[in-house]
Each structure stands twice: as C-alpha cells, then as structure tokens.
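Read through the structure below, which is laid out as structure tokens, and then see the notes.
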Amino acid sequence: MNELRALKLYNSLSGKKETFQPITPGHVGMYVCGPTVYYDAHLGNCRTFVSFDIIYRYLLHLGYKVRYVRNITDVGHLTDDGEDRMAKGAKIAQLEPMEVAQKYTVGFHEMMRVFNTLPPSIEPRATGHILEQIEMVQAILDRGYAYEQNGSVYFNVSKFATENPGVYGSVSGRVLDDLYAETRELKSQEEKKHPADFAIWMKARPQDLMVWKSPWSVGFPGWHLECSAMSTKYLGKTFDIHGGGNDLKFPHHENEVAQNHGACGCSPVNYWLHTNMLLLNSKKMSKSDGNFITPAELFSGDSPLVSKGYSPMAVKFFMLMAHYRSTLDITDEALLAAEKGFRKLMETNRLLQNMPVDARDFDGSESDNDRAILALIEDVYQGMDDDFNTAIAIAALNELGGYVHKLANQQLAHTEVAPWVLEKMKVTFNVFISDVFGLKDEDAEDSGTVDGLMELILDIRAQARAQKDWSTSDKIRDALAVAGIQVKDGKEGVSWSKN
Ligand SMILES: [Zn+2]
C-alpha cells in the first residue's frame, strides 16, 4: 500500500497539475463516458478506455477503494440530422434498436477483454435510467434553468451562464462567445430561445423508435443528460474524477456540468481528465479519405497502412509508450518499435523472475548498484504519480532491465545486488506489467499452450509405440515434421524441438 504517495493530476478545469485530494480519504469516485453502442469501438475509443483502465488500476494498486462507473449510451445520441443514432443503426440493419445496442455492447466488451482491461464497478445503461433523467429534468425546471416548448425541454444556457459566472466554459477553457458560435444543433432551432440552448428532453416524432412517457411529452432524454443523472445516482452530487476523450469537452462535458449545477447548485466534479487524440500517419483518422484503420485490421494486418499484424498487447504497449494527454501517432515504424520494446520487456521479466534469490542475510549495507536500482524503482512510481505518465514509468522499467541483463550475463556479480533489492525488483516488474499496465506475456502464453499440446501428442505417440502401432507413431512424427517440430527418441525419453 502506498496510500500516502502524493498523486498529481492534470485537471482540465484549472489547466494545471494539481495534488489529488479525494473527497473521502482512501476512496475515489470516477466516472468515464462510455461508448455509444451503434457501431464497433474505434481505436480512439480504445485508447481512452485503456488509459482510464490504467488510471483505475494504479489507484487500486496505491490502495484506494475505487468506484469506477462507465456508462453505455444506448439512446439519445443525435446525429446532425437530428435522428437518434440507435434508431438509425437499426433501420440500416433492419433490427430492433435494442438488438443493435446488444450486438455492439457485446463487441465492445470483447474488445475490452482483448486489451485486457478490468470491467468497471458499475456499467449503467442510459435506457435503464430514464426515471432518473426525468427527475433531473424536473429539478432543472424547478430551479429555473430550463423551459418547456411544445413538449420538449431546453436548458437555458444564457440564463445559467449569467447567474453562474465562470461555470459554462470551465471544462473546455473556452469563452462563452466561442461556445455560442460553435453551437449548431439543427433540430428544433426555432423552438429555442437562444441557439446555445440544448434539449434535455425531446418530444418524439413519428419516426422515433425509442420513446418514454414523461410529464412533458412522449419522447426521449437529450444525450448529455444520461451522464449527469447516472454519475449523480452512483457517485453523488459531487465526486472526484470525471474522464473522457478530448472531443467530449464541448458540448458534452460543458453541458453535463451545466445540468448537474442546474439541478443541484453544486459543482459536480473536482478533477476532469481528458485523453488526447489518436493520429494515423500524422493525420486525423478519417474513413472518407482512407486514412483509417480498425482495431481488427491492426491485429490481422489486413490493411494497406500496416506491413503486418500487431498483437493486441503490442498495440496496448504502443499506447502506453505515450502519455494519455499527448497525441499518439500510429505509424507502421512506431508499431514495429513498440512490438520490439514489448517483447524485450517481457523477455527481461522472464529472465528476472527466473533468477534465484540468495538466502544470505541482509547485512544492512547497500551497494551503489542497490541504490541505483532502488532509485529506478522509485522513478517508476514517480512517473505514474505524475499524472499517470506511463511513458516515464516504462522508461524506468527499461533502465531497470539493464541491470537484469547485466546480472543474467554475469557482467554484474550476483553478490553485487542485495537479495531484498532483487526481490523488490521482481515484485515491481510483476506489479507494473500485470497489475497496473494489464499486459500479458503472449509469447509465454503461446509456449505454454504448445508445451501442453506437445505433451498430449507425444503421449498418444508413446501409447501407439507401446502397442507397436508404428504407422500411427510415424504419422505423428511426420505431421510434426511438416509443422516444423522435430521429435527425437533418446535414451532419456522423447524430446522435441522447433526448427
Ligand atoms: Zn458522458
């Protein structure tokens, strides 16, 4: 437990790194805007969710009790033409809206499993929280920050901004005039008192498929409302950390703050954390100009933009080599380098974990090597303490790896490193690779599977030989030879090797 370590977070509200002070000591409430389940998760989403998974994991490692809420948006996310995205996906595929939601929720979970992320503590769905959203609309109306027009309810941005100076615009750090200028919600523009106002309840049109009864009309909640309602329900009116992609700062997060503030009169979140953009060959990813790759294409190599497929863990390691707040540029060269770096780190860890630790007693003295190793272990932690900078933590692990290799090839005598220091290095590698970064040693897993299969095959062959069934025995040997595996029958039994 390292509960007393000072943690610095870059807070989008202040535009600065701040020392993290949880509302309840030892506890963290964290909300992250989850996926809209009408399409497959793209790489940018994956980066955001991988980043917050690592933040979650590091907080857990430090000993915090964390309630991590990540929602599923299954209604209310509007396209520019004002159509509900869920309904749009459903019409294209001729499916029920909830069928579409289910399909892509399952796909999203599968992708999160492939990236070895932990499930959040609660994963609420917008459609499961319509009552809470209706209550929040009512609370905002009661406090005078919304108005009803023809069965729809709009948040009154200009009134809210005038009465609560400095709140609207605080997440994106933008001035009000810019935000007003950027607002272009085309639907129902004529119903609004001001173009910057946004719908918190929408009256259904005949073509809308997902609708609920409310005091104002049969309709559906505005997209921004679900996060306000669900974060309040599970984390309270004010909670510690809210995360999401940079692209959600405006209008989504500004509107979330306005709604929470409008409903309860308090600031909902102490620390806003935002992940940065993913680029592909130094350009924004875009399907229309062909500069686009899906996670599946990246894994299979089935894209002209990569020379080969990259394993999910190599892709994850590539993501971790940059700080979550930096833009990350996917290029084939960078992926190749990351794959190499990932394999090297895994190999180093295997070497380290197999090193015997002396039973000699610690005599109280520390060698220069001991001090250098301990300082590097501290660097790993300090990297993560500094706004979860995985890039710095990985660099320090790689430097520690230098000592592992020196010990392994006896450039550094075993006696030069105290047993407890070696032990601490082993623990640090395991903790960061498995618990904090959630990386899996794919080579070791593969070789484990092959070992198991080979044991089974050679067992069957031994049985065949015992029964003098030479044709089966030869068939197995020949088939293995075709697969590049040589079987040798020696005095000490059967052995095998790969070409
Ligand atoms: Zn949200």
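Amide H contacts of residue 245 (H built 1.01 Å from N, in plane; Pro and chain starts excluded): 275 sit under 5 Å, all sequence-distant by 5 or more or on other chains. Please report the carbon-and-sulfur percent of the accessible area for the chain; probe 1.4 Å, protein heavy atoms only, DNA, RNA and ligands left out. Its accessible area is 52 percent carbon and sulfur atoms.
With just the Cα atoms defining each centre, how far is the range 321-377 from the range 220-247? Give it in Å. With the range 321-377 and the range 220-247 each reduced to a Cα centre, they are spaced 37 Å. Spin-label pair residue 18-residue 150: with each label point 7 Å from Cα along the Cα-Cβ axis, the two points sit 4.2 nm from one another. Among beta bridges from DSSP that stay inside the chain, the antiparallel ones total about 55%. Take every pair of alpha-carbon atoms less than 8 Å apart whose residues are at least six positions apart; their mean separation over the length of the chain yields a relative contact order of 14 percent. As a rough guide to protection, the peptides 191-203, 265-277 ranked by mean Cβ packing within 10 Å, highest first, stand as 191-203, 265-277.
Between residue 202 and 153, 220, 222, the built amide H atoms are under 5 Å apart, and every one of these is 5 or more places off in sequence or on another chain. Within the chain, the proportion of Cα pairs with more than 45 Å between them is 27 percent.
Rounded, prolate or oblate: which fits the range 125-248, taking a ≥ b ≥ c as square roots of the Cα gyration tensor eigenvalues, rounded meaning a/c under 1.5, else prolate when a/b beats b/c? Oblate, because a/c is 1.5 or more while a/b does not exceed b/c. Can you give me the angle between helix 332-353 and the longest principal axis of the chain, using Cα atoms only, in degrees from 0 to 90, rounded to the nearest 10? The two axes meet at around 60 degrees. Volume per residue of the convex hull around the Cα atoms, evaluated for the range 278-320, comes out as 70 Å³.
Over all orientations, the range 408-493 has a Cα convex hull whose mean projected area works out to 9.5 square nanometres.
Which of rounded, prolate or oblate describes the range 1-43 when judged by the alpha-carbon gyration tensor and an a/c cut-off of 1.5? Prolate, because a/c is 1.5 or more and a/b exceeds b/c. When you filter the trypsin sites (Lys or Arg not before Pro) in the range 261-317 for DSSP loop state and at most 15 other Cβ atoms inside 10 Å of their Cβ, you are left with 287, 308. Given R0 = 30 Å, the distance between the Cβ atoms of residue 463 and residue 498 translates into a calculated FRET efficiency of 0.80.
Each residue of the range 304-310 is assigned a 3J(HN,Hα), and the resulting list reads x, 7, 10, 7, 6, x, 10 Hz, derived from the Karplus form 6.51 cos²θ - 1.76 cosθ + 1.60 (θ = phi - 60°), x at Gly and Pro. Per-residue Karplus couplings for the range 214-229, computed as 6.51 cos²θ - 1.76 cosθ + 1.60 with θ equal to phi - 60°, are listed in order as 8, x, 9, 5, 7, x, 8, x, x, 4, 5, 5, 4, 5, 4, 5 Hz, Gly and Pro entered as x. Electrostatic tally near residue 469: other residues with Cβ closer than 12 Å to its Cβ, Lys and Arg +1, Asp and Glu -1, net +3. Projecting label points 7 angstrom from Cα along Cα→Cβ for residue 163 and residue 333 puts them 5.7 nm apart. If only the Cβ of Lys and Arg carry +1 and only the Cβ of Asp and Glu carry -1, the dipole of the range 252-354 around its Cα centre is close to 320 debye. Farthest toward the positive end of the dipole of the range 355-499, out of 356, 463, 425, is the Cα of 463, where the dipole comes from beta carbon charges about the Cα centre. Against the chain, whose longest principal axis is taken from its Cα atoms, helix 442-466 shows a tilt of about 50°. Which value results for Rg/Rh of the range 368-465 when Rg is the Cα radius of gyration and Rh the Kirkwood radius based on the inverse mean 1/r? Rg/Rh for the range 368-465 comes to 1.19. Expressed as a whole percent, the proportion of Cα-Cα pairs in the range 192-285 lying more than 21 Å apart is 46%. In order along the range 52-64, the phi-based Karplus estimate (6.51 cos²θ - 1.76 cosθ + 1.60, θ = phi - 60°) of 3J(HN,Hα) comes to 6, 5, 6, 4, 4, 5, 5, 4, 4, 4, 5, x, 6 Hz; Gly and Pro are listed as x.
Highest mean first, what order results for 448-460, 318-330 on Cβ atoms within 10 Å? Display every interim value, and only then the final one.
On the way: 448-460: 12.2, 318-330: 19.3.
Those peptides, ordered most packed to least, come out 318-330, 448-460.
For residue 280, nonlocal amide neighbours, meaning residues 5 or more places apart or on other chains whose placed amide H falls under 5 Å from its own, are 285, 330.
Placing +1 on the Cβ of every Lys and Arg and -1 on the Cβ of every Asp and Glu, with nothing else charged, gives the chain a dipole about its Cα centre of roughly 480 debye. In the context of the full set of protein chains, the chain has a per residue accessible area of 46 Å² (1.4 Å probe). Heavy-atom accessible area for residue 423, with the other protein chains in place and a 1.4 Å probe, reaches approximately 80 Å². Helix 390-408 versus the longest principal axis of the chain: what is the Cα-based angle in degrees, 0 to 90, to the nearest 10? Roughly 10 degrees between the two axes. For the range 349-439, the Cβ-based charge dipole about the Cα centre amounts to some 440 debye (Lys, Arg positive; Asp, Glu negative; other atoms uncharged). The calculated FRET efficiency for the pair residue 27 and residue 363, based on their C-beta separation and a Förster distance of 45 Å, comes to about 0.60.
Sparsely packed loop sites in the range 341-390 (the chymotrypsin sites (Phe, Trp or Tyr not before Pro) outside DSSP H, G, I, E and B with at most 13 other Cβ atoms within 10 Å) comprise 362.
Peptides 429-440, 473-484, 103-114, 50-61 ordered by packing proxy, namely the average of other Cβ atoms within 10 Å per residue, highest first: 50-61, 429-440, 103-114, 473-484. Rounded to 0.05, the FRET efficiency of the residue 294 and residue 410 pair, given R0 = 60 Å and the Cβ-Cβ distance, is 0.80.
Projecting the Cα atoms of 367, 119, 314 onto the dipole axis of the chain, where Lys and Arg carry +1 and Asp and Glu carry -1 at the beta carbon, places 119 farthest toward the positive end. Accessible area of residue 472 (1.4 Å probe, protein heavy atoms only, ligands and nucleic acids ignored): about 50 Å². Note on the range 246-377: Cα convex hull, mean projected area over all directions, 14.5 nm².
The values are calculated or read from the model by the stated rules, or taken from the named source; none is laboratory data. Computed from a prediction, not measured in an experiment: that's the story for all the values here. For neighbour counting, all protein chains shown are included, and Cβ atoms are generated from backbone atoms with ideal geometry for every residue, glycine included. For the accessible areas, the whole protein counts, side chains as well, though only heavy atoms, and no ligand, DNA or RNA atoms are used. Shrake-Rupley method; radii C 1.70, N 1.55, O 1.52, S 1.80 Å.
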